[in-house]
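Working notes for the structure below.
Here, each number is a calculation from the coordinates, and none is a lab measurement. Just so we're clear, the structure is a prediction, and the values are computed from it rather than from any experiment. Counting neighbours? That spans all protein chains shown, and the Cβs are built from the backbone with ideal geometry, glycine included.
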Amino acid sequence: MHWCLPFRFLLTLLSSILALGDSGFAQLDGAPPSKIAIVGAGIGGTATAHFLRQHFGPEVHIDVFEKGTVGGRLATVTVNHQDYESGGSIIHSLNLHMQDFVKQLGLKYRKNVAGKTAVFNGEEFILEETDWYLLDLFRLWWRYGISFIRLQMWVEEIMEKFMRIYKYQGHGYAFSSVEELLHSLGGSGFLNMTHRSLSESLLELGVSQRFIDEVIAPVMRVNYGQNISIPAFVGAVSLAGAQANLWAVEGGNKLVCSGLLKLAKANLIQAQVTTISPHAAGESTQYQLNYATLTEKGSEFYDIVVVATPLQSSVGSGISFQGFEPQLPDIAGSYHHTVASIVHGYLNCSYFGFPDPKLFPFASVLTTDSPGLFFNSAASICPVNISTGFRRKQPQEAGVYKVFSPQPLDKPALKTLFRSYYSVQVTDWQAYPHYGSTQDLPPVVLHDSLYYLNGIEWAGSAMEMSSVAAKNIALLAYHRWSRQLEMVDQKDLMHKIKTEL
Ligand SMILES: Cc1cc2nc3c(=O)[nH]c(=O)nc-3n(C[C@H](O)[C@H](O)[C@H](O)COP(=O)(O)OP(=O)(O)OC[C@H]3O[C@@H](n4cnc5c(N)ncnc54)[C@H](O)[C@@H]3O)c2cc1C
Ligand SMILES: *[C@@H]1O[C@H](CO)[C@@H](O)[C@H](O)[C@H]1NC(C)=O
Ligand SMILES: *[C@@H]1O[C@H](CO)[C@@H](O)[C@H](O)[C@H]1NC(C)=O
Ligand SMILES: *[C@@H]1O[C@H](CO)[C@@H](O)[C@H](O)[C@H]1NC(C)=O
Ligand SMILES: *[C@@H]1O[C@H](CO)[C@@H](O)[C@H](O)[C@H]1NC(C)=O
């Protein structure tokens, strides 16, 4: 897929030239918007600010509200003067928006320091990575047969279809719903994948139950804290994230968010948005946002508003929508808790069947879905800044570990996993959707010029998914504002784009 990069670059260039040629901000058949608000300064909100600036030009005023910390679910904790990722940590090499951001912001890639992975079932390791790639392949083949190849092909095919989004977005096409977006990429097959369970889809593909239990389930547990009943689409996103070619941002992934805010020349307001209400303003609608800091309250009017934080009531954004006629629909569902514990200490290798820690060869431990297992994964982690000559700590040394678990680890649990420890830092995340199979995908357009970004997480929750949604909303808001509706929900884009060239 190497051609994708230069090719896409060319497309983006071409389409921005075309966009300027045939519309331009001054030629909209109404005034351009003067003020835009974005609620949430995670990767979704900050990427939206960046793309809105690109499409609406330098004049529009962009406010970004953040009640917590810029970065949201991209966050670090400090242990011993070094920072470690506690939320979203890995980025796939084909996540092209994230790559673009890092490039434009002059940030650096942090490659992972190699370390071996094994799968633990509560009693013993059932799968162990070795130093020798061919041996690993052979073992996978021996143990699971054709399953392994079938799975690889399935994931690649989905990735290849998903990559179409960059071409569509490069040509300026937008979608008014997550369903339309998915349908344009992979037809009804993609839509069905948001409703069918992963295990059902894989079994149908001919992947063996054993492979699903011993390989797929551990990957779902580490990435989404859930089991193989999650929908096939998010399952595929998760499996793509288990491939090689992963990276992260030096200094911490959250640097992308603060960088994008600056690049977009957006105005950060450290406050919680409490209500959003519509007000008729001539032919169009404006939105009044009320917001509060610890000490002050404020209120402001906007032409366009993008909500870039989950609206499920259990997540507690604290936003209420008032005065909408008819009322805005409730956003259903809930988010899944995953607790990230960053532990500085000595791993209890005996617990994993290695009485001599010097002989413990693994950096990451994944787990099967076995009753009684109290954690999803445990891994020795690298700081966000890796100096030359950095090496992982050996298991007999004190190191920094990240443990994901469904509940906070109590003392006995910590004493089981660690011989002893110096510190434990706990983040209880409302991490990603709690996926059910019957869930409808939430809307993108809540009202005329009021948009919702985080519905895309119900197809798959990842930094790149929020970035794709950000670009889509910026394009959608732009086309709807300038009434270029032929750029929204166009059918048969593959064909259209071929003939446009
Ligand atoms: C433990 C964990 C591991 C993960 N691992 C990965 C990974 O390896 N790779 C990957 O790609 N993804 C991963 N993810 C998912 C990824 O982190 C998220 O999909 C992504 O960061 C979501 O970004 P967002 O901007 O859409 O939402 P958020 O980051 O949640 O941003 C929303 C922001 O809105 C703010 N906010 C909420 N309400 C209000 C209000 N009323 N007023 C003002 N501000 C408000 C919040 O404080 C928050 O900062 C992981 C997530 C977790 C939790
Ligand atoms: C998706 O599901 C619908 C309804 O069940 C079915 O008609 C369609 O053929 C499915 N699409 C694919 C590609 O499997
Ligand atoms: C997966 O977890 C859900 C609850 O979150 C449960 O209802 C379902 O039965 C589980 N599926 C399997 C295959 O264990
Ligand atoms: C970590 O990396 C970032 C980005 O390259 C850099 O700005 C920062 O100064 C580094 N911090 C340390 C402690 O080296
Ligand atoms: C380590 O694991 C062993 C084996 O499960 C267990 O007996 C022991 O209590 C654990 N904790 C410590 C601190 O050694």
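Overview of results
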| read-out | value |
| --- | --- |
| For q = 0.07, 0.08 Å⁻¹, Debye-computed log10 I/I(0) when each Cα of the chain counts as one equal scatterer | -0.39, -0.51 |
| Protection proxy ranking, peptides 349-355, 250-256, average beta carbon neighbours within 10 Å, highest first | 250-256, 349-355 |
| Sparse-neighbour loop sites [GluC sites (Glu not before Pro); the stretch 90-159; at most 12 other C-beta within 10 Å; DSSP] | Glu123, Glu124 |
| Sorted by Cβ neighbour density within 10 Å, fewest at the top, the residues Val79, Val234 | Val79, Val234 |
| Rough spin-label spacing in nm, given labels placed 7 Å along Cα→Cβ, for Arg164 and Ser387 | 5.0 nm |
| Sorted by Cβ density within 10 Å, fewest first, the residues Trp458, Trp481 | Trp481, Trp458 |
| Net charge over other residues, Cβ less than 15 angstrom from the Cβ of Ile381 (K, R count +1; D, E count -1) | +3 |
| Whole-number percent relative contact order across the chain, with pairs defined as alpha carbons under 8 Å at least 6 apart | 25 percent |
| Euclidean distance of C-alpha centroids, the stretch 225-275 and the stretch 173-203, integer Å | 21 Å |
| Under the span-like rule (Cα at least 24 Å along the axis, Kyte-Doolittle mean at least 0.0), DSSP H helices of the chain | 4-22, 463-481 |
| Convex hull of the stretch 195-271 built on C-alpha atoms - directionally averaged projected area, nm² | 8.0 nm² |
| Sites Gln425 and Thr293 - FRET efficiency at Förster radius 22 Å, r taken between beta-carbons, to 0.05 | 0.25 |
| Against the rule of thumb 2.2 N^0.38 Å, how large the Cα Rg of the stretch 353-498 comes out | 1.57 |
| Burial order of peptide ranges 327-335, 215-223 (average beta-carbon count within 10 Å, highest first) | 215-223, 327-335 |
| Range of Cα positions in the stretch 145-269 per principal axis (Å), largest first | 53, 34, 25 |
| For Leu255, net neighbour charge (Lys/Arg +1, Asp/Glu -1) across residues whose Cβ lies under 12 Å away | +1 |
| Chain lengthening between Asp410 and Asn80 when straightened (0.36 nm per residue, less Cα-Cα) | 116.5 nm |
| Solvent-free Debye scattering, log10 I(q)/I(0), computed from the Cα coordinates of the stretch 241-308 at q = 0.18, 0.24, 0.27 Å⁻¹ | -0.86, -1.11, -1.19 |
| Top positive-direction residue, dipole computed over the stretch 373-444 with Cβ charges, set Val444, Pro412, Thr388 | Thr388 |
| Footprinting exposure proxy for Met159, Met494 (fewest neighbouring C-beta atoms within 10 Å first) | Met494, Met159 |
| Rounded to 5, percent antiparallel among DSSP beta bridges of the chain | 70 percent |
| HN-Hα J in Hz across the stretch 315-320 - Karplus 6.51, -1.76, 1.60, θ = phi - 60°, x for Gly and Pro | 7, x, 5, x, 8, 10 |
| Bins of 5 Å, starting at 0 and running to the largest distance - Cα pair percent for the stretch 54-172 | 2, 7, 8, 13, 16, 16, 14, 10, 7, 3, 3, 1, 0 |
| For the stretch 308-374, alpha-carbon Rg over 2.2 N^0.38 Å | 2.01 |
| Distance in nm between pseudo-label sites at Leu205 and Asn227 (7 Å out along the Cβ direction from Cα) | 2.1 nm |
| Net charge of Cβ neighbours under 10 Å - reference Thr274; Lys, Arg +1; Asp, Glu -1 | +2 |
| Size of charge dipole - the chain - debye, nearest 20, with Cβ of Lys, Arg +1 and Asp, Glu -1, no other charges | 1300 debye |
| Loop-located chymotrypsin sites (Phe, Trp or Tyr not before Pro) in the stretch 40-130 whose Cβ has at most 10 other Cβ within 10 Å (DSSP) | none |
| Estimated FRET transfer efficiency (Arg483, Gln270; beta-carbon r; R0 30 Å; 0.05) | 0.30 |
| Radius ratio Rg over Rh of the stretch 398-458, counting only Cα atoms, Kirkwood formula for Rh | 1.22 |
| Cβ charges +1 (Lys, Arg) and -1 (Asp, Glu), total dipole of the stretch 99-183, debye | 420 debye |
| The chain: calculated mean residue ellipticity at 222 nm from DSSP helix runs of at least 4, using -39500 (n - 2.57) | -10000 deg cm²/dmol |
